[in-house]
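So the structure is just underneath, and the comments pick up after that.
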Amino acid sequence: MLLSATRRGARLARRLVGVQLAAWGIPYGCTLAEDVELVIGELAANAVVHGHVPGRNFEVVLRYDGRRVWVEVSDARGEHRPPEASAPADPSAEGGRGLVVVEAVARDWGVRDRPPGHPGKTVWACL
């Protein structure tokens, strides 16, 4: 899915992922569905806040093999890599905890460059 790099696009990503999970038989409200929606929400918000390039969208890819769900969120700012999730956030900061949440609920996560011809990066997680 290509979505506008806006707060509305980030909210829409989370809702559309919930619909797709239900279509795959992963019921709304179960632990896996809640965790996937939480991770998508955090990664999409990061793409909008930290990966936004005017006029460029962000992309969400979702895959399911019957046991695991993979989520990928790609944005256009490859030079802005996420910090280590385990780095402590400033307790007085309003943000900076999103990847700590992703690390807590995902089996694994990481970041990679997008293929040639597609500027930016992809942050992925496996649940």
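The values are calculated or read from the model by the stated rules, or taken from the named source; none is laboratory data. It should be emphasised that the depicted structure is a prediction, and the values quoted were computed from it without experimental measurement. Cβ atoms come from the backbone with ideal geometry, glycine included; neighbour counts cover every protein chain shown.
Some observations on this one:
- Restricting region 1-15 to residues that are more than 17 Å from TRP124 (Cα to Cα) and aliphatic (A, V, I, L, M), the residue that is surrounded by the fewest Cβ atoms within 10 Å (Cβ to Cβ) is LEU12.
- Test: residue in region 79-94 that is of a type in the set (D, E, K, R) and either at pLDDT 95 or above or assigned to a helix (DSSP H, G or I) (or both): no
- Just so you know, in region 1-38 the residues that are among the polar types (S, T, N, Q) and part of a helix (DSSP H, G or I) include one that is nearest to TYR64 (Cα to Cα), and it is GLN20.
- Verdict on THR31 being exposed (fewer than 15 other Cβ atoms within 10 Å of the Cβ) and under 18 Å from ALA104 (Cβ atoms): yes
- VAL53 vs. criteria more than 22 Å from ARG107 (Cα to Cα) and either part of a loop (DSSP other than H, G, I, E, B) or modelled with pLDDT of 90 or more (or both): yes
- Residues within region 66-77 that are over 12 Å from LEU21 (Cα atoms) and part of a loop (DSSP other than H, G, I, E, B), tallied: 3
- Unique residue being at pLDDT 95 or above and either surrounded by 11 or more Cβ atoms within 10 Å (Cβ to Cβ) or within 14 Å of the chain's Cα centre (by Cα) (or both) when the list is VAL101, VAL39: VAL39
- Taking residues in region 59-82 that are under 8 Å from LYS121 (Cβ atoms), and partners anywhere that are among the acidic types (Asp, Glu) and loosely packed, with under 14 Cβ neighbours inside 10 Å, the pairs with Cβ atoms closer than 9 Å and at least 6 places apart or on different chains are GLY78/ASP113.
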